[in-house]
Amino acid sequence: MNKIIVKAGNVTFGGDNPIVVQTMCNTPTQDIDASFEQCMRLSKAGAQLIRLTTQGMKEVAALKIIKERLRDAGIETPLSADVHFTSDVAIAAAEVADKVRINPGNFARDHETAREQFRRLTEVCRERNCAIRIGVNHGSLGERIIDKYGDSPLGMKESALEWINMAQEFNFDQIIVSLKASNTRVMTDAYRLLYKEFESMGVAYPLHLGVTEAGNGESGRIKSAVGLATLLSDGIGDTIRVSLTEDPQKEIPVASYIASYFSDRKRNFIIPNIYRKGSDPAVIEASYSEPDWQSFILRAACDLGPLMLDNIADDVTLKVTIGGSAAKDEDISRFRDELLQASRRKFTKPEYIACPGCGRTLFDLETVFEEVKKRTSHLKGYNIAVMGCVVNGPGEMADADYGYVGEGRNKVSIYRGKTPVYRSVPQDEAIDKLLSLIEEDARNKVFRPRLG
């Protein structure tokens, strides 16, 4: 199979090159000082590519200055422009950025316009040595794709393939492809379908892996590790981002650990005996001795998550030593519950979809998300989204039963599924409004959670 090599600035993707770790600023791109300082920190922390939201021409101009200041400071880390809805902005950003991320679901208003604008984008990128990421998201597939294939892994694969074929038609091969979802099953199925297509085509483009809107804390780390490990252990994936609703600098050690663990692109875990009695669940028995808790949860999630997600095993019993001392039973039990939920084997609490935030977010996303989690922790089986803005939020929370979506400064929309029920809710009233809607729906039996 011909493996295409893609360059963005001084970083090479694909083939036998190492897995590239990337992240995204959560500063407003027009705040040049804040974005520059954050890029400096992220680069020094190990980010090999940094993405910035670029929603308009003012952000393109700001990105140009940020890049110039970074280069003057000796920072050569490539910058990627994240563009939605405005193809003209993507074309302008290609004059500045090392890579431009576009979303096929919202690149242009109709397919013919999208084709022509994408042709123009490839021409500029060819002239400027700028790479393109064809960034498909489960929650924002175009109507044409949904009508034909549904909101499904197959639809995600077909959406990406349509744009890959256009790039080939326009004789442009500097493309990286992603098919992200917050549901680890949907995400891994979509990537595997596309990789199978690559095998039949005889050509493979670099793949950017990520579980989008993974959340924060242990949950976000374990969920990301499960999704990424399932693919990397199959030899699928060339660059990764761990999307956490935290300071983006905290994403980098997590992604770096996973990239290092799968540096040889294969499963590093010797599958132990899996015990099953009759019709009882298949149970793995595993032991770990790690220097710290984060190393344990990442390694165990990378080892065990793929077995759970691929239905090879249903449960796990663990013996864990941290820094030479036995781990607490309650900590091991909490990890097990998180692992089973991330692998979609058993749901013991709400499932949360939370974007990591970016320059479009106009409220303290981390604080709000923690408060939402605290006040909805009793809603086992519900899928609740907390999204930073209306640009992508309503689409990318496709799996959510209810959603809290930033609408503007100190204003929030409350969603039931994909439908906004309340708009322009003051932020200090929004969580109460979300809970009252859930409680009212439960009383009236008009809407039920979709998780078991």
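Structure values in brief
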{"item": "Count of residues meeting criterion [touching a Lys or Arg at 6+ places or on another chain (Cβ under 6 Å) and not small (Gly, Ala, Ser)] in region 317-348", "result": "2"}
{"item": "Residue check, PHE13 of a type in the set (Phe, Trp, Tyr), closer than 22 Å to PHE262 by Cβ and touching a residue at least 40 places away in the same chain (Cβ under 8 Å)", "result": "yes"}
{"item": "Single match in THR23, THR29 (criterion: surrounded by 17 or more Cβ atoms within 10 Å (Cβ to Cβ), of a type in the set (Ser, Thr, Tyr) and assigned to a loop (DSSP other than H, G, I, E, B))", "result": "THR29"}
{"item": "Residue in region 273-281 that is surrounded by fewer than 17 Cβ atoms within 10 Å (Cβ to Cβ) and of a type in the set (A, V, I, L, M, F, W, C) present", "result": "yes"}
{"item": "Residues satisfying the stated conditions in region 329-351, i.e. outside any helix (DSSP H, G or I) and under 13 Å from ARG221 (Cα atoms)", "result": "SER343"}
{"item": "Counted residues, region 232-282 - those being among the polar types (S, T, N, Q) and touching a residue at least 60 places away in the same chain (Cβ under 8 Å)", "result": "7"}
{"item": "Test result for VAL226, of a type in the set (A, V, I, L, M), modelled with pLDDT of 95 or more and part of a helix (DSSP H, G or I)", "result": "yes"}
{"item": "Count of region 302-328 residues which are assigned to a loop (DSSP other than H, G, I, E, B), on the phi < 0 side of the Ramachandran plot and not aliphatic (A, V, I, L, M)", "result": "3"}
{"item": "Candidates GLY381, GLY359 - the one that is surrounded by 22 or more Cβ atoms within 10 Å (Cβ to Cβ), at pLDDT below 90 and either in contact with an Asp or Glu (Cβ under 8 Å, 6 or more places away or on another chain) or not assigned by TED's automatic domain parsing to the domain that holds HIS84 (or both)", "result": "GLY359"}
{"item": "Pairs, first surrounded by 22 or more Cβ atoms within 10 Å (Cβ to Cβ) in region 169-191, second part of a strand (DSSP E or B) and of a type in the set (Gly, Ala, Ser), C-beta under 6 Å, six or more apart", "result": "SER178/GLY135; MET187/ALA181"}
{"item": "Residue list for region 66-82, restricted to those being surrounded by 16 or more Cβ atoms within 10 Å (Cβ to Cβ) and either more than 25 Å from the chain's Cα centre (by Cα) or assigned to a helix (DSSP H, G or I) (or both)", "result": "ILE66, LYS67, ARG69, LEU70, ILE75"}
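Each row is one residue, and each column tells you yes or no for (1) in a loop (DSSP other than H, G, I, E, B); (2) at pLDDT 90 or above; (3) not aromatic (Phe, Trp, Tyr).
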site	(1), (2), (3)
LEU244	yes, yes, yes
ALA255	no, yes, yes
ILE258	no, yes, yes
SER263	yes, yes, yes
ILE270	yes, no, yes
GLN294	no, yes, yes
ALA300	no, yes, yes
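Every residue, every condition in (1) part of a loop (DSSP other than H, G, I, E, B); (2) among the basic types (Lys, Arg), yes or no:
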position: ILE132; (1), (2): no, no
position: ARG144; (1), (2): no, yes
position: LEU161; (1), (2): no, no
position: ILE164; (1), (2): no, no
position: PHE172; (1), (2): yes, no
position: LEU179; (1), (2): no, no
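The values are calculated or read from the model by the stated rules, or taken from the named source; none is laboratory data. Please read all numbers here as calculations on a predicted model, not as lab measurements. Note: ideal-geometry Cβ built from the backbone for every residue, glycine included; neighbour counts use all protein chains shown.
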